[in-house]
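Notes follow once the structure below has been shown.
The values are calculated or read from the model by the stated rules, or taken from the named source; none is laboratory data. Worth saying up front: this structure is predicted, and the values here are computed from it rather than measured. A quick note on method: Cβ atoms are made from the backbone with ideal geometry, for glycine too, and the neighbour counts reach across all protein chains shown. What goes into the accessible areas is simple: the full protein's heavy atoms, side chains included, and nothing from ligands, DNA or RNA. Shrake-Rupley method; radii C 1.70, N 1.55, O 1.52, S 1.80 Å.
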Amino acid sequence: MKRSKKTFNDQQVSTDRESGAVLKNSELKWGPNPMTLVGFIVVLLMVLTIVFSVAFFFGDLPSDCLWTLAKARIFHVKHSKATVSEKDILQPLTVPKDKLLGGLLPTGFDETSCLSRYESHLFSKPLQHKPSSYLISGLRRYEALHKQCGPYTELYNRTVDLIKSGEYSSGSSVCNYVVWISYSGLGNRILTLTSAFLYALLTNRVLLVDPRANLHNLFCEPFPEVSWLLPPDFPIIDQFSSFNQKSPHSYGYMVRNNVTGKSRIPSFLYLHLSHDFDVQDKLFFCDTDQTFLHKVPWLFVKSNNYYIPVLFLIPSFEQELNNLFPEKETVFHFLGKYLFHPTNSVWGLITRYYQAYLAQADEKIGIQIRVFSLGVSNFKYVLNQILACATKENLLPQVNLNEPIVNYSSKTKTISVLMTSLSSRYFEEIRNMYWQNPTVTGEIVSVFQPSHEEHQQTQKLVHDRKALAEMYLLSLTDKLVTSGWSTFGYVAYSLGGLKPWILYKFKKGTVHNPPCFRATSLEPCYHSPPYYDCKKKTASNNTVNIVPHVRHCEDNSWGLKLFDRKGEL
């Protein structure tokens, strides 16, 4: 014990001596040495210079700028006039963004495999409408059903065997399906696929998608863990192209020819819901026929119309739809954001273009042009209509033809105009107008057009990728002008939650005054509704009187559209 204690004391004395020596050396080093003093002052000046430089550089940035710059590959940082206080700098940097869109989107995906799913909120404005808790619960239930009954599961294989054997169904399948068959242009396909999904949601069916549509190259899988693509080895996939209203497996054909008295339930049926459907095909929208169709395991649907408004007219669906969508004009807005997430290759087209041409602007204006009647004389009419609408509604400033130069201040407002059209002529005229002339009120207007394909190339992958990118870019603008009757425009404004100014559809020799009108609903128009009275079993034009939220479209007098009373102007 004594030896140990002595050792400890010796160590302590040794340590004290060393500490004293170090202290003495440091006093000698920092005290009287003038070179050390000069070095200290130089270092201090350098630190102060860096601090003031940082304060000056970041003085005009918002408080979330450091997080934003780290994400610069994704979105643009816009300078703010407000300065950052010392208190703000000391606070944690957060960006209050809703990644799951109010619970609309499910979790569990690999984010890197589909960047757009959880990054789109960085570009879009915050949701003006909120999905109902009932819709969110319904989507989670659907995802569980899709996982249970999706492709190559045991229940799926068992139900496919019904088609292979050609047997009639007992009407008590655990899993029932609605298969969407690809048809028409991209805008129509997006709208009809959404219609098929809502029908699946209402009837407890699993939605499967025609794999020939190249959708896997355009959109990510929307449902966790199990694909929505119909397997390419499906027994009758080769018959899809030949399905029409005269097909023996068409429901309308069966009714016309009394093939089934509805006592024998076929394993599958084809539903022809395109613009040329006849009276028997229209029975799909009747409650009694829905009761029978509910027992059929496989339904194959082909359409080129957004038929959701008429689903609201089917009594057995009415309460469920009211629960899902308290705000009737948000159906496509929510279902579109839930279903359609551009693949990484398309997302790259969108984000690169946005960063390069739109992000810096104080205001972003979209102009979507779709001309159904081509001709040299039509061009000038449509161009004048666009300019008249944009200036009359104060979307774009007028140009000053008398003064070649206007003095601009450092606070000059910048406007980026995104134009989409198959033709480049409208873009060139409007770009040159704002290039060659100053604006009356001093704004700087830049005009851009991503592509001009000249002709619609239905279901050509490269064309569809550009079209999808342009729809999405239009949805990110602040204000939007679209062409009447255009499903391309419908998708863009409804995805963006925008009520656009719609150009009247061009008719040769007709001059519209006013040139455009403001939409009163976010919803797309159903161009060719059935107009059929299920009770009287005859044609009827009283459809708009059945429920108050289904009205005629603004751009199509016989079309039908969902409205909210509070959204009326």
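Listing for the model above:
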{"item": "FRET efficiency, 1/(1 + (r/R0)^6) with R0 25 Å, evaluated for Asp110 and Arg141 via beta carbons", "result": "0.60"}
{"item": "For segment 182-248, accessible area per residue (1.4 Å probe, heavy atoms of protein chains only), Å²", "result": "32"}
{"item": "Spin-label pair Asn257/Thr520, simplified geometry with 7 Å Cα→Cβ offset, distance in nm", "result": "4.6"}
{"item": "Stretch gain in nm, segment Asn323-Asp278, where the contour uses 0.36 nm per residue and the Cα spacing is subtracted", "result": "13.0 nm"}
{"item": "Potential extension, Gln355-Glu393 segment - 0.36 nm per residue separation minus Cα distance", "result": "11.0 nm"}
{"item": "Share of carbon and sulfur in the accessible heavy-atom surface of segment 89-200 [1.4 Å probe, %]", "result": "54"}
{"item": "Residue pairs, from the table Lys99/Lys479; Lys295/Lys337; Lys380/Lys507; Lys125/Lys479; Lys99/Lys413, whose Cα atoms sit over 19 Å apart", "result": "Lys99/Lys479; Lys295/Lys337; Lys99/Lys413"}
{"item": "Solvent-accessible area per residue, Å², over segment 115-156 with all protein chains present [probe radius 1.4 Å]", "result": "46"}
{"item": "Neighbourhood charge, 10 Å Cβ-Cβ cut-off, centred on Tyr183 and excluding it, Lys, Arg +1 and Asp, Glu -1", "result": "+1"}
{"item": "Protection proxy ranking, peptides 472-482, 293-303, 534-544, average beta carbon neighbours within 10 Å, highest first", "result": "472-482, 293-303, 534-544"}
{"item": "Distance in nm between pseudo-label sites at Gln436 and Glu225 (7 Å out along the Cβ direction from Cα)", "result": "6.3"}
{"item": "Potential lengthening between Ser165 and Leu422 on full extension [0.36 nm per residue; Cα-Cα distance subtracted]", "result": "87.7 nm"}
{"item": "At R0 = 35 Å, FRET efficiency that the Cβ-Cβ distance of Ile405 and Gln456 yields, to 0.05", "result": "0.25"}
{"item": "Accessible surface of segment 403-495, 1.4 Å probe, proportion on carbon and sulfur as whole %", "result": "51"}
{"item": "Accessible area of segment 433-474 divided out per residue, in Å², using a probe of 1.4 angstrom", "result": "49"}
